Amino acid sequence: MGDVAGVAPVPPQILQEEYDVSEGTTAREPLVEPAAELTIDEVRRYSRHLIIPDVGMSGQKRLKNAKVLVIGAGGLGSPALLYLAAAGVGTIGIAEFDEVDESNLQRQVIHGQSDVGRPKAESAKDSIAEVNPLIDVVVHNERLDNDNVLGIFEGYDLIVDGTDNFATRYMVNDAAYFLKIPYVWGSIYRFDGQASVFWPTAPEGDAPCYRCLYPEPPPPGMVPSCAEGGVLGVLCASIGSIQVNEAIKLLTGIGEPLVGQLMIYDALEMEYRKLKVRKDPNCALCGENPTVTGLIDYETFCGAVSDEAADAAAGATISVTQLEHMLKERDEGTRDFVLVDVREPNEYEINKIPGSVLIPKGEFLNGNALGELPNDKPVVLHCKSGVRSAECLAVLKGAGFADAVHVGGGVAAWVSQVDPSQPSY
Ligand code: ZN
């Protein structure tokens, strides 16, 4: 208190001086100017921050003035939102269009049982109000797309990304770059996590963006999502808390953030590794001769399915209700075909379409599956959602199985439309 630095714009050299007198020093400028003051309630609430010399009154006032947008209120967004809120970040935006599903509760700790079916953004907002009623929450209950992303991002000091798909991730990276906003990225899969800060427009210069690290998305179908491959729930807390840690450092100007560094976490080995990430001079976005000068078509860029799979699936996709009818005819002996589930064995244990046999996708890619399939009756493929089965269908068509088809929507559609008694995942 007594610090009036937030009343008028403070020249940068003053801010630097302020930090030079504290015990912990930093070479980085804080991202946010301090708020005018903290209320008595705020001083009481944040006292454990205030007595850390590096944070202190000034750091807490910066957090109060900070505007942070969290994309996704899911695995990473849940811990990120809770800790940003508890830390006293004054304005928190939540960009999330999805609804709470029972299968989210294993890791998305910001939601509870009674929130199932509610919009995640609203559920998250309620939890935050319980954790810290002194901050503002802005709900963006809509799917981020090229039409709204820049408008939503504008005005925030920093983006914390908890998305789980590549198309959105590239869009977030590009939008943050165009608006010169630092982007704290995290990613999780099974027992492995990664985090970094992408900020090519940082005052220090020469920092990379997400495209410098991953110039191209992985081939469609090659990298399973958490919905397909699973994720250890607590891994979300490990990576989400690293993201908040980096956000707080950037906002208050303390420590050395993960700008130009990639943090890799292995939960099974309990190992953290840091790798240097250099700016790519040929980066399509932040390089010397950029080719991405505005938002692009990210769905096409990342391709939900490969061209081969899309070609194979064209005219060879059946619905789950068609499949149900076909299975009935097979039971009555008026039709014969083989139904192949191309998922992994542990997925097969969770739910299945009755009468299917399991041959995982890898067996199609290495060619072994071809010998196991009959030549004298049609083959029907399915997976969880229809992406992997389309890839396998392309292999079969290429091997001469002309009448093979796959099931659009996969077992997920089967469970939702035909047999809701089975669990989904
Ligand atoms: Zn770049």
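The values are calculated or read from the model by the stated rules, or taken from the named source; none is laboratory data. Everything numeric in this text was worked out from a predicted model, so none of it was measured. Neighbour counts are summed over all protein chains in view; Cβ atoms, including those assigned to glycine, are modelled from backbone coordinates with ideal geometry.
Side notes on the structure shown:
- Restricting attention to region 220-239 and to residues that are touching a Gly at 6+ places or on another chain (Cβ under 8 Å) and modelled with pLDDT under 75, the residue that is nearest to the ligand (Cβ to nearest atom) turns out to be P220.
- Residues (within 29 Å of V109 (Cβ to Cβ) and of a type in the set (K, R)) located in region 162-218: R169, R190
- Summed over region 91-117, the residues that are surrounded by fewer than 21 Cβ atoms within 10 Å (Cβ to Cβ) and either of a type outside the set (D, E, K, R) or farther than 23 Å from G230 by Cα (or both) give a count of 11.
- For region 57-103, a residue qualifies if it is without any contact (Cβ under 8 Å) to a residue 40 or more places away in the chain and hydrophobic (A, V, I, L, M, F, W, C), and exactly one does: V100.
For (1) more than 27 Å from P30 (Cα to Cα); (2) loosely packed, with under 14 Cβ neighbours inside 10 Å; (3) not hydroxyl-bearing (S, T, Y), each residue gets a yes or a no:
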residue: K249; (1), (2), (3): no, no, yes
residue: A284; (1), (2), (3): yes, no, yes
residue: P290; (1), (2), (3): yes, yes, yes
residue: I296; (1), (2), (3): yes, no, yes
residue: F301; (1), (2), (3): yes, no, yes
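- Of the criteria (1) of a type outside the set (A, V, I, L, M, F, W, C); (2) assigned to a helix (DSSP H, G or I); (3) within 16 Å of the ligand (Cβ to nearest atom), which one T293 fails: (2)
- Test: residue in region 215-229 that is surrounded by 18 or more Cβ atoms within 10 Å (Cβ to Cβ) and among the aliphatic types (A, V, I, L, M): no
- Residue in region 317-334 that is nearest to the ligand (Cβ to nearest atom), counting only those that are under 18 Å from V379 (Cβ atoms) and among the polar types (S, T, N, Q): T317
- The selection criterion, being buried (at least 21 other Cβ atoms within 10 Å of the Cβ), out of contact with any Gly (no Cβ under 6 Å at 6 or more places or on another chain) and not assigned by TED's automatic domain parsing to the domain that holds N148, holds for V55.
- Taking region 296-316 as the range and being within 16 Å of the ligand (Cβ to nearest atom) and assigned to a loop (DSSP other than H, G, I, E, B) as the test, only I296 passes.
- Test result for A413, hydrophobic (A, V, I, L, M, F, W, C) and not in a loop (DSSP other than H, G, I, E, B): yes
- Qualifying residue in region 324-338 (condition: assigned by TED's automatic domain parsing to the domain that holds L396, modelled with pLDDT under 95 and of a type in the set (F, W, Y)): no
- Of all residues in region 205-218 being under 22 Å from the mean Cα position of the chain (by Cα) and at pLDDT below 85, the one that is nearest to the ligand (Cβ to nearest atom): P215
Yes or no, residue by residue, for (1) more than 14 Å from the chain's Cα centre (by Cα); (2) modelled with pLDDT under 95; (3) not assigned by TED's automatic domain parsing to the domain that holds V234:
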position: G117; (1), (2), (3): yes, no, no
position: V138; (1), (2), (3): yes, no, no
position: L150; (1), (2), (3): yes, no, no
position: F153; (1), (2), (3): yes, no, no
position: L158; (1), (2), (3): yes, no, no
position: M171; (1), (2), (3): no, no, no
position: I181; (1), (2), (3): yes, no, no
position: V184; (1), (2), (3): no, no, no
position: Y189; (1), (2), (3): no, yes, no
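- D174 among the charged types (D, E, K, R) and touching a residue at least 60 places away in the same chain (Cβ under 8 Å): yes
- In the set A175, A202, only one residue is within 16 Å of the ligand (Cβ to nearest atom), modelled with pLDDT under 95 and farther than 29 Å from A390 by Cα; that residue is A202.
- Out of K397, K361, K384, one residue alone is buried (at least 18 other Cβ atoms within 10 Å of the Cβ), at pLDDT below 95 and either over 26 Å from V231 (Cα atoms) or among the aromatic types (F, W, Y) (or both). It is K397.
- Count of region 379-400 residues, restricted to those that are touching a helix residue (DSSP H, G or I) at 6+ places or on another chain (Cβ under 8 Å) and outside any helix (DSSP H, G or I), is 9.
- For region 260-290, the set of residues classified as in a loop (DSSP other than H, G, I, E, B) and either away from the ligand (no atom under 13 Å from the Cβ) or not assigned by TED's automatic domain parsing to the domain that holds G186 (or both) consists of A267, L268, E269, M270, listed by residue number.
- A search for C-beta distances below 7 Å between a residue of region 227-247 that is at positive phi and any residue that is buried (at least 22 other Cβ atoms within 10 Å of the Cβ), counting only pairs 6+ apart in sequence or on different chains, returns nothing.
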